[in-house]
Structure formats: structure tokens, C-alpha cells
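Before any comments, here is the structure.
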Amino acid sequence: MQSQARGAVQLSPQNRKLVTPLRPLTVLVVVPTLQAGAAEMGAVDVVRILTAAGHRAIVMSRGGRLEPRIADAGGEFVYADVASKNPAIMARNAAAIARLVRNRKCDIIHAHGRVPAWSALVASRLTRVPLVTSWYKGFREQNALKRLYNSVMARGDRVVAVSDQLAELISERYQVPTDRIDVVPTTIDLALFDPALMSAERLERTRRIFGVMPTDKVILLVGRMLRRKGHFVAVRAARRLKEMGLKDFVFVFVGEDGGHSGYSGEIWDEVLAGGLADVVRLIGPVDDMPAAYATASVVVSAAIQAEGLQRTILEAQAMERPVVVSDLGAGPEAVLAPPAVPEDRMTGLRFSAGDDGALAAALIRLFSMPLAQQAAIGGRGRQWVIGHFNQPAVSDQMLKLYSGLARAKM
């Protein structure tokens, strides 16, 4: 795989010249919405990378609360309902993308998400403009129709995966040649996610939102309310911890609830049935995520489906929080955990996906450590993120990918 995820080295000045094309590029970024998911944040990153290097970024999306970030990063926003699965609307979107590509002389189309990728694929074939697709997680394939639907993400001229684990899944599942896959990790804004900038006022405000006390052990789960995120595993672990007599702990779920299913209701029904309303909070999205992480004692991913490279786990480590992740929630490129590394190098703990007993045991193990040891784990996490997910190195990778496609087209 073409990866610098673990090396994170910057290009030399000589090689940097090869990254910059003969003229500024125009890249059309197509993303379903601009709420708060991995694809949305990935689209914002792409805009930031392009405009910082003197290129032009146009974002086509249904929009959402991240729209101001597109403008702040120097990108242009174009509204279209590219989140719709209606075949007629998808066909209209394909025509709209093709028209925009021709009118604005776009060099590349970059699709973040399966629904817009189908429209982008058609537009790419009509205009002969290269298509890039970005994978942020593994998709479930319950049947042949779902497999076909997912396969569009493997049909780009270049396929971007956020982790080596995800790149291997793409290659094996869809027989994509490895020279068409680029492993480009997520970047973290280390100036934003900096524990040194955290104030007592921000922490207190966040505690009030969470309904917790300064003495509470806050176990934070961040992500959309989706079944694959494994919230129910965390709820059952909470019941185990309560039955074991653990005091002063609170599970806090932070994230969007799209309202398209009854999943949140199922979770709350399980909370009530288990008598856990005093130790579980469903908060919804919050505006100050650095403060949310800083309020936590530990950040958990209980994912029951391969998640690729979770931005939230990297952000948590950047904020010097220990993490506990399922073996599907984060791979070794994101979290250093025993037995793969000795305890004096660990940035978190890992447990078997779906095993609430193992999650409870990992949390007990972490909370049994002296506070100084927990702080040391968090400190190593920040250093790991600084060393491997810094913006300059990732920017070089993306610009090199775009430049290569643009040159091949000339």
C-alpha cells in the first residue's frame, strides 16, 4: 500500500516540487452532508489542504452545521441534495456534477460517501475527469445488493483509505490493485485539540452540560447514534460496573442522532430496564469537543464493525486522554495497546468487540492505576498523534495524489 501512516515524514524540498502541478488545481469535493461525521470532517480537511497550497476547492453537499468551516478554510459551497438515495435525484445530481465540472474546469472529483459517489462516478465518465473516493470505515455487506451499493467506493481512479487495515479490506473484498489505493491518515488540528489551552470555565460549563461532578469518572463515547458504534455494549458494561460496586462513574454518549431509526430509543429502554439512568447520559452533539475530551477520564470506542481510523480516538489522545477501544474500533496504527506494546509505551487498552465484560474489565484495570500512570498514558497518546497524524505530512500525501492524477490527465 502507498502509505506514510506510520512514518509521517515530510517530503524533502526537492520532492516537494513534484507535488505542485504546473497550474493551480480545481477539485470538486462531493459529500452527503456537512454535519459532524468522519466523511464531513475529511471533506473539510481536503478543503484546508487544497486552499493552503493555492488550489481551489468546491464542496457540493446538502450542507449542515460544518458549512462555516468550508468558508473559513477558503472553499466554495454549492448546495445539492447529494445525500438522497432517490434514483431520479441521483441522476439529476450526476448531471449537475458533470455541468459544474465543465463550467468550472474541475481537474478532479473527490467523493466522500457512497450515495454521492454513484452520481460522481457517472459524472466522471461523462467528463473524463478522474474520480477519487475516500473510505473512512468498513461497510457491512448483508447481501448482494448491499455489496453492489458499497462497491462504488472501490471504483475510483484512486481510492483513499484512512488506515492500512481498511486498505487491506478494500483490496481483498473488491480485488482493487494495491497501486490504486493510497493510505492517507486523518489529520488532527493540534492547535485546537491542545490540553494546555483548556480553561477551568470551559471544563465547568461542559460538566454542567454532561450533568457530572468534578469527582466523577467520566467515560466518554463520541460518535453518531448508530448501531455499529456499540453503545449497547457500553450500557451493558455500565451495568456490570454498577453491580461490581464501582462508585462515581458516568457514561456520557456524545453525538448526532439522525432520527432515522429507533436505535436511540432502544438504548434508552435498555438504560431504564437496567436501572442505569443515574450513570448513563445521552447528550447529543456538543460545540466544544476539546472540553468534552478534557472532562473525560477515559474515551471509549465500543465499535462492533470495522471503523477504519476514528478521528475521535485520535482527538482524545491529542487531548491526553487514555482510550479503551474494541479491536474493531481502532487498529495498532491509532492506539498502542498491550500485548502489542509494553505497558510503559501504551496509549490505551483494547478489548474484544461486543464483549461488555471485557470492556468493563478494561475500565476497572485503567481506574485501578495510579492517577500519575493514567496521566502518563494520556501524555504518550498526544505524542503519538503529534508524531504520526500531523497536518504537513498528510497534506503532502494528498497533494501528491492530486498532482499525479492531474498530470496523467494532461
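Things worth noting here:
- Helices (runs of 4 or more DSSP H) completely within the range 54-148 that count 2 or more residues being of a type in the set (Gly, Ala, Ser) and open to solvent by less than 80 Å² (accessible area, probe 1.4 Å): 87-104, 114-127
- Pairing residues of the range 189-213 that are farther than 22 Å from PHE251 by Cα and at pLDDT 95 or above with residues that are in a helix (DSSP H, G or I) and charged (D, E, K, R), at Cβ distances under 9 Å and at least 6 apart in sequence or on separate chains, gives ASP194/ARG382.
- Within the range 214-227, considering residues that are at pLDDT below 95 and of a type in the set (Lys, Arg), the one most open to solvent (accessible area, probe 1.4 Å): ARG227
- Residues located in the range 172-188, provided they are more than 20 Å from the chain's Cα centre (by Cα) and touching a residue at least 40 places away in the same chain (Cβ under 8 Å): THR178, ASP179
- Of all residues in the range 270-297 being assigned to a loop (DSSP other than H, G, I, E, B) and under 21 Å from LYS247 (Cβ atoms), the one that is most open to solvent (accessible area, probe 1.4 Å): ASP278
- Given (1) modelled with pLDDT of 95 or more; (2) within 30 Å of SER134 (Cα to Cα), number of the condition MET369 does not satisfy: (2)
- Figure legend. Inter-residue proximity from the range 312-323: first residues under 12 Å from ILE219 (Cβ atoms) and open to solvent by less than 10 Å² (accessible area, probe 1.4 Å), second residues assigned to a strand (DSSP E or B) and not basic (Lys, Arg), beta-carbon distance below 7 Å, spacing 6+ or different chains. Indicated pairs: ALA316/VAL299; ALA316/VAL323; PRO322/VAL298; PRO322/GLY348; VAL323/VAL298; VAL323/VAL299; VAL323/GLY348.
- Subset tally (residues that are more than 19 Å from ALA43 (Cβ to Cβ) and of a type in the set (A, V, I, L, M)) for the range 60-89: 2
- The sole residue among ILE170, ILE209 that is open to solvent by less than 10 Å² (accessible area, probe 1.4 Å) and among the β-branched types (Val, Ile, Thr) is ILE170.
- Enumeration of residues in the range 72-91 that are over 16 Å from THR33 (Cβ atoms) and out of contact with any Asp or Glu (no Cβ under 9 Å at 6 or more places or on another chain): ASP72, GLY74, GLU76, PRO87, ALA88, ALA91
- Criterion (within 15 Å of LYS229 (Cα to Cα), of a type in the set (A, V, I, L, M), in a loop (DSSP other than H, G, I, E, B) and open to solvent by less than 10 Å² (accessible area, probe 1.4 Å)) met by exactly one of ALA330, ALA306: ALA330
- If the condition is being within 26 Å of PRO185 (Cα to Cα) and surrounded by 19 or more Cβ atoms within 10 Å (Cβ to Cβ), then the range 358-379 contributes ILE377, GLY378.
- Selection within the range 309-320 - of a type in the set (S, T, N, Q) and either in contact with a Pro (Cβ under 6 Å, 6 or more places away or on another chain) or not in a helix (DSSP H, G or I) (or both): GLN310
- Filter pass, GLN391 being at pLDDT below 95 and surrounded by 14 or more Cβ atoms within 10 Å (Cβ to Cβ): yes
- Cβ-Cβ under 8 Å pairs, at least 6 apart or on other chains, the range 371-383 side touching a residue at least 40 places away in the same chain (Cβ under 8 Å), far side acidic (Asp, Glu) and not in a helix (DSSP H, G or I): ALA375/GLU320; GLY378/GLU320; GLY379/GLU320; GLY381/GLU320; ARG382/GLU320
- Near pairs, Cβ below 6 angstrom, 6+ apart or cross-chain, from the range 387-410 (under 20 Å from THR133 (Cβ atoms)) to any residue that is among the acidic types (Asp, Glu): LEU401/ASP182; ALA406/ASP107
- Per the conditions (1) within 30 Å of VAL122 (Cβ to Cβ); (2) modelled with pLDDT under 90, the sole criterion not satisfied by ASP157 is (2).
The values are calculated or read from the model by the stated rules, or taken from the named source; none is laboratory data. The model shown is predicted, which means the values in this text are computed figures rather than measured ones. Backbone-built Cβ (ideal geometry, glycine too); neighbour counts: all protein chains shown. Surface accessibility is based on the protein's heavy atoms, side chains included, excluding ligands, DNA and RNA. Shrake-Rupley method; radii C 1.70, N 1.55, O 1.52, S 1.80 Å.
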